[in-house]
1. Just flag the trypsin sites (Lys or Arg not before Pro) in segment 37-105 sitting in loop per DSSP whose Cβ has no more than 12 other Cβ atoms within 10 Å.
2. When the chain is fully extended, how far beyond the present Cα-Cα distance does Asp106 get from Thr180, taking 0.36 nm per residue of separation?
3. Report relative contact order for the chain in percent, whole number only (criteria: Cα-Cα under 8 Å, sequence separation at least 6).
4. If I build a Gaussian network model for the chain, linking alpha-carbon pairs within less than 10 angstrom, which residue out of Asp133, Asp230, Asp106 has the largest mean-square fluctuation?
5. Please give the length that would be gained between Ser156 and Ser200 if that part of the chain were fully extended, namely 0.36 nm times their separation in residues minus their C-alpha to C-alpha distance (nm, one decimal).
6. Could you work out which residue, out of Pro124, Pro227, Pro44, moves most in a Gaussian network model of the chain, that is, has the largest mean-square fluctuation with Cα springs under 10 Å?
7. Please identify the longest segment of the chain free of exposed GluC sites (Glu not before Pro), where exposed means a DSSP state other than H, G, I, E or B and no more than 15 other Cβ atoms within 10 Å.
8. Sum up the charges of everything whose Cβ sits under 12 Å from the Cβ of Lys72, counting Lys and Arg as +1 and Asp and Glu as -1, but leave Lys72 out.
Amino acid sequence: MRKRIVAGNWKMNTSQSEGIELVKSVIEKSIAVPKAIELVIIPPFTHLNEIVKYAKGTSLNVGAQNCAEWSKGAYTGEVSASMIKSVGATYVIIGHSERREYFKEDNRLLFRKIKEALSNDLIPIYCCGEKLDERESGKYFDVVEQQISESLFELSHEQMQKIVIAYEPVWAIGTGKNATSQQAQDMHAFIRATIAKKFSKEIADNVSILYGGSCKPSNAEEIFARPDVDGGLIGGASLVADDFIAIAQSF
C-alpha cells in the first residue's frame, strides 16, 4: 500500500527561532492527523539539527531541500547527503523546479544527486513538472517523461522502490493559475504508467506521487481524492501550522 505523505517545504523562509516555533506548533496540532498520513518538515539547512531534535519521538519526519552531487571535497557552500543524514534527517528534495530554473540543474545532475541520497539511506523526493509554455504547447507529457527517464531509469528495481515523486506544474505555482484536480490526476497516472513500463506495475503501484502545485486547504481535499494522488509537497501553506495540518487532514 502506498504511503500517504504531506511534506512541507519551507524554502528560504524563517529564522531558526521562527522555525522552532513553527515546528512546535505543527507537532502540537499533528495529533489531529490520522496516523496513516506521514508528515515531513523540510526546513532550511541551518535549522535541520534543531528541528530534528524537536521532531524526535514524534510522528514527524524531517528532510532537506537539496543535497550535493558529491560525497565530500573542496565544494564551498555545498552540503552532502551524508551530512544531512548525520543530523538525523530522512528525506531530501531533489530537482525542485526552483533548483532547475535558478540553478540550471538538469536531469543528469539530478540523477547523480539521487544516487548520493540513496547511498546515504535518504529518501529522495524527486520533482518533475512542466512550465507554462510546455503546457500550452501540449508538450507536458513529453517533458515529464524525459525528466523521469533521464533521472530515474538507470536506478535498479530496488532503488526505484525507495523513491517518492512530486509532480510540480510550474505554471500553477504562485502564478494565480490553478491546475484542476483532473489535470493533476492525468499527470500522476501518466507518471505511474511511465514507471510501470520501465520497471513493473507492482513497483509503479507502490510509488508515492505527491502533488506540488499550490496545494492549500481550500483545494487539497478535491486533489487528494484522485486515485493516483498520494499527498502533497506543500510550499507557502506549510509556513502556517493550521494550514499545513488542515491539508494533511484533507485525505
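Here, each number is a calculation from the coordinates, and none is a lab measurement. Because the structure is a prediction, the values reported are computed rather than measured. Every residue, glycine as well, gets a Cβ built from its backbone with ideal geometry; the counts of neighbours run over all protein chains shown.
1. Numbers: sites: Lys53, Lys56, Lys72, Lys85, Arg99, Arg100, Lys104; in loops: Lys56, Lys72, Lys104.
When the trypsin sites (Lys or Arg not before Pro) of segment 37-105 are filtered for loop state and at most 12 Cβ neighbours within 10 Å, Lys56, Lys72, Lys104 remain.
2. Working: separation 74, 0.36 × 74 = 26.64 nm, distance 2.74 nm.
Stretched fully, the Asp106-Thr180 segment lengthens by 23.9 nm.
3. Details: 468 pairs, mean separation 56.1, N = 251.
22 percent.
4. Greatest mean-square fluctuation among the candidates belongs to Asp133.
5. Values: separation 44, 0.36 × 44 = 15.84 nm, distance 1.15 nm.
Stretched out fully, the Ser156 to Ser200 stretch lengthens by 14.7 nm.
6. Of Pro124, Pro227, Pro44, the Gaussian network model singles out Pro227 as fluctuating most.
7. No qualifying site falls inside 155-251, the longest such stretch.
8. On the way: positive: none; negative: Glu69, Glu78, Glu116.
For residues surrounding Lys72, the net value is -3.
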